[in-house]
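Here is the structure we will look at, set down as structure tokens.
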Amino acid sequence: MATPNYGYEKRQKELAKKKKKEEKLKEKAQRKAGESGPDAKDDEPDQEAEGSAH
């Protein structure tokens, strides 16, 4: 029976984490760039509703 290659598995996990982190940062940058777009308007009423509920 072959022995497991833990180094390979670790490297694959690291690459997956790095890719996910980069995608997350890219999405965050897009949201920030489009802050003045329709998404920002949708967020504002939610925040006001939460504030008035107290």
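Readers should treat all values here as calculations from the given coordinates under stated rules, not as data from a laboratory. A quick note: this is a predicted structure, and the numbers were derived from the prediction, not measured.
Whole-Hz Karplus ³J(HN,Hα) for region 2-18, in order, using 6.51 cos²θ - 1.76 cosθ + 1.60 and θ = phi - 60°, x for Gly and Pro?
Karplus-based 3J(HN,Hα) across region 2-18 equals 6, 7, x, 9, 5, x, 5, 4, 4, 4, 5, 5, 4, 5, 5, 5, 5 Hz.
Please work out how much length the chain gains when fully extended from residue 16 to residue 28, using 0.36 nm per residue of separation minus the C-alpha to C-alpha distance, in nm with one decimal. Please report the intermediate quantities before stating the final value.
Numbers: separation 12, 0.36 × 12 = 4.32 nm, distance 1.83 nm.
Computed gain between residue 16 and residue 28 is 2.5 nm.
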